[in-house]
Amino acid sequence: MADLTVTEPSPPKKAKYEISGEGDSREKGLESFSNFKVVKILQNKAESKVVFLHAKLDSNEEDAVVIVEKTPFSDDTIRQIVSADTKLKTHHINDIYGTYEGYPKPEFNGIKATVIYPATEKHLLKYTYQPLHNVEESADDYREITLPYLKAQQFHIQWVYNILDKKAETERIVFEDSDPITGFILLPSMQWDKKHIENMYLIAICHLRDLMSIRDLRAEHLPLLKNILSKGKKAIKEEFSVADDQLKIYFHYQPSYYHLHVHFTHLKFDAPGSSIGRAHLLTDVIENIEMASDYYERKTLAFISQENNPLYLKFVEAKKEQIQSQDLDV
């Protein structure tokens, strides 16, 4: 699902916590949900076993977004789940086929929970289910609709700069090239628990701070892109023993936040936004820019947007004005 809003912890008080149902907590994290009350379910994705909740804290009634997802099985735990310790309830039997509901021991029922607190209206909108629409953004559309919208929003990405400046998440950094022009920091996405290699998900955040998306890329940025490609693959192979041909490396358009970054995921992982409609392979981006430096400045780019997304509404408004103008000309 594509979106244009930003998950932006805005200083000084906003914090993004990630905890697990198995009791692990990050520094300054939570030990339980004892102070939370669920307001409503924003979205329930049964196919991916993820639920998005609007919650409030009892202490101050501030809004929070809680994302709860089932953790995948691992080779170590599955053998203990398929054992006498797991109690079964029969649903039905038909010839050689049987369907059961299983109740493994609590330690094998782990969840991963991401908490965004305090959450803004943008966060609530971002995670609320909405109909999706395909948007064709021409070069003129970008200049006349998208870019003015982005400049007017003044998105808070201080949390990105905190990572780049080593003020936060230093312990999570997998690799860094400190060159101010071609360098980047590689670290795990919040979506990966680092326990299941098949769900591997890392982000490369470039040190350059004047690039918002692939729309800004030109031939002068090819050394940066090629550096991220080569050193990112090398670092992942050395750290996680994942081969180059098991990686999917891509940009999002529109991105979740407007500071240039690259996604590295395992081929086995069906990561959100990794399919057609949002993902642009890094190798394709490099090849396209080699053919024409201003390729992404001129190209019409399609993206998928939620119906209530403010940028999508700008496109709808612009289309109405265009139709009205054409009617006046007739």
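The values are calculated or read from the model by the stated rules, or taken from the named source; none is laboratory data. Treat the numbers as computed from the prediction; the structure is a model and nothing was measured. Every residue, glycine among them, receives a Cβ derived from its backbone with ideal geometry; neighbour counts consider all protein chains shown. Protein only, heavy atoms only, side chains kept; ligands, DNA and RNA dropped before computing areas. Shrake-Rupley method; radii C 1.70, N 1.55, O 1.52, S 1.80 Å.
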Exercise for the section: Principal axes first, then extents: for the Cα atoms of segment 180-277, list largest minus smallest coordinate on each axis, whole Å, largest first. Expected result: 35, 28, 21
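Averaged per residue, what accessible area in Å² does segment 51-142 show with a 1.4 Å probe, protein chains only?
Values: 5530 Å² over 92 residues.
Ligands and nucleic acids excluded, the figure is 60 Å² per residue.
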Completion exercise
Reduced to Cα centres, the span from segment 103-131 to segment 47-63 in Å works out to 7
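How large is Rg/Rh for segment 27-92, to two decimals, with Cα atoms and a Kirkwood Rh?
Numbers: Rg = 16.7 Å, Rh = 15.0 Å.
The Rg/Rh ratio comes out at 1.11.
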Fill in the blank from the handout: segment 111-255: relative contact order from alpha carbon pairs under 8 Å, six or more residues apart, as a whole percent, is 16
Exercise for the section: At 7 Å along the Cα-to-beta-carbon direction for both R143 and K319, put a label point, then send me their distance in nm to one decimal. Expected result: 2.3
Handout entry: Correct option for percent of Cα pairs over 32 Å apart [calculated from the coordinates] among [x] 40; [y] 37; [z] 25
Key = [y]
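Normalising by the residue count of segment 191-330, find the relative contact order in percent from Cα pairs under 8 Å and 6+ residues apart. Working shown, then result.
Values: 159 pairs, mean separation 41.1, N = 140.
Worked out over segment 191-330, it gives 29 percent.
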Exercise for the section: Would you mind checking segment 65-81 for residues with the amide N under 14 Å from a putative spin-label position 7 Å along Cα→C-beta of E198? Expected result: 71-79
Problem - Spatial extent of segment 87-183: Rg and Dmax, with the Cα atoms as the point set, Å - result: 24.0, 66
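What's the local net charge at T300, with K and R +1, D and E -1, over the other residues with C-beta under 14 Å away? Please report the intermediate quantities before stating the final value.
Values: positive: R143, R215, R298, K299; negative: E136, E137, D140, D141, E144, D294, E297.
Local charge sum for T300: -3.
Using DSSP to call loops (not H, G, I, E or B), can you name the GluC sites (Glu not before Pro) in segment 288-325 whose Cβ has at most 16 other Cβ atoms within 10 angstrom?
Working: sites: E290, E297, E307, E317, E321; in loops: E307.
Here the GluC sites (Glu not before Pro) that fit, given the DSSP loop and packing criteria, are E307.
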Exercise for the section: Excluding residues on the same chain fewer than 8 positions from K226, give the lysines whose Cα lies under 19 Å from its Cα. Expected result: K234, K237, K248
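How much area per residue is accessible in segment 170-317 when the probe is 1.4 Å and only protein heavy atoms are counted (Å²)? Kindly include the intermediate steps, with their values, before the conclusion.
Details: 6370 Å² over 148 residues.
Normalised by residue count, the accessible surface of segment 170-317 is 43 Å².
Find the relative contact order for the chain and round it to a whole percent, using C-alpha pairs within less than 8 Å whose residues are 6+ positions apart.
Numbers: 548 pairs, mean separation 67.7, N = 330.
Computed value for the chain: 21 percent relative contact order.
If you roll a 1.4 Å probe over the chain with all protein chains in place, what percent of the accessible area is carbon or sulfur?
Values: 9130 of 18100 Å².
Carbon with sulfur: 50 percent of the solvent-accessible area.
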